[in-house]
Amino acid sequence: MTTTATTAAAANADFEFPEIHNFPPFFTRQPNESTWKEQRRMWCDLILSYFRHNGLSTMTLAEAVTGPPFNNRGIHRSLRVDVLREIVEELVRQGNASWMGPKNTRDACLVFWRKPEAWATVIHQWAADAGMLNTVLTFFEIANGDDTLGQEFHGIDPATLRRALDVLQSQGKAQLFVGTSDDDIGVKFFA
């Protein structure tokens, strides 16, 4: 799930792009504010759909603009990095993304096609249904363990998992135990 947008180009063969993706002005920031607001909304929807379809969670902006969905080779158009940055800022405002790396660079982000609060609900429900309440599990067991095969969160990006578990901890539904690495972090779920 931590694949970047450019390495998933081959995986998007069956992704159905909206018609607007073939409209050249879609790849240029529109100067009219109301038009730009609608264009930005459409880009946000496309990013979330594309990332969900391909199981992606991270994006380096400079790399992302060289491939789908930010580059449409069929019409010879690509989104500029500065425009993509504005779109990601909107995703951040909506709670669907978070900047990664050094604070002021805004060159890479984590995309939440499902918000951490929603992941928290799904993961806690799984823990309850699987009889894992009051049991300590590692991040690795939750994200990649045999017990989670077939679950929507199997293969979840560690940073997204951490945010979801932080939500559960703040709700009193989980307790995190710090290890020496992210894979060593344990979590105990409560009813």
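Selection of first residues in region 17-42 that are farther than 24 Å from residue 95 by Cβ and of second residues that are open to solvent by 50 Å² or more (accessible area, probe 1.4 Å) and of a type in the set (S, T, N, Q), restricted to Cβ pairs under 9 Å at least 6 apart or on distinct chains, gives the following pairs, ordered by first then second residue: 27/78. The residue that is farthest from residue 18 (Cα to Cα), counting only those in region 32-45 that are open to solvent by 60 Å² or more (accessible area, probe 1.4 Å) and in a helix (DSSP H, G or I), is 33. Might you let me know whether region 115-136 holds any residue that is among the hydroxyl-bearing types (Ser, Thr, Tyr), closer than 22 Å to residue 187 by Cα and in contact with a Pro (Cβ under 9 Å, 6 or more places away or on another chain)? Within region 115-136, not a single residue is among the hydroxyl-bearing types (Ser, Thr, Tyr), closer than 22 Å to residue 187 by Cα and in contact with a Pro (Cβ under 9 Å, 6 or more places away or on another chain). With a requirement of 2 or more residues that are at positive phi, none of the strands (runs of 3 or more DSSP E) lying completely within region 80-191 satisfies it.
Residues in region 129-152 that are open to solvent by 70 Å² or more (accessible area, probe 1.4 Å) and among the small types (Gly, Ala, Ser): how many? Residues flagged as open to solvent by 70 Å² or more (accessible area, probe 1.4 Å) and among the small types (Gly, Ala, Ser) within region 129-152 amount to 1.
Out of 48, 61, 84, one residue alone is in contact (Cβ under 8 Å) with a residue 60 or more places away in the chain, buried (at least 16 other Cβ atoms within 10 Å of the Cβ) and not small (Gly, Ala, Ser). It is 48.
Across region 1-31, what is the number of residues that are at pLDDT 95 or above, in a helix (DSSP H, G or I) and open to solvent by 40 Å² or more (accessible area, probe 1.4 Å)? Residues in region 1-31 being at pLDDT 95 or above, in a helix (DSSP H, G or I) and open to solvent by 40 Å² or more (accessible area, probe 1.4 Å): 5 in total. Taking region 64-79 as the search range and keeping residues that are assigned to a strand (DSSP E or B) and farther than 14 Å from residue 16 by Cα, which one is most open to solvent (accessible area, probe 1.4 Å)? Checked region 64-79; the qualifying residue most open to solvent (accessible area, probe 1.4 Å) is 77. In region 93-106, the residues that are more than 17 Å from residue 118 (Cβ to Cβ) form Cβ pairs under 6 Å with partners that are in a loop (DSSP other than H, G, I, E, B), at six or more places apart or across chains, as follows: 99/106.
The values are calculated or read from the model by the stated rules, or taken from the named source; none is laboratory data. Source: prediction; values computed, not measured. Cβ: placed from backbone, ideal geometry, glycine included. Neighbour counts: every protein chain shown. Each accessible area value is taken on the protein alone, full model and side chains, heavy atoms only, with ligands, DNA and RNA left out. Shrake-Rupley method; radii C 1.70, N 1.55, O 1.52, S 1.80 Å.
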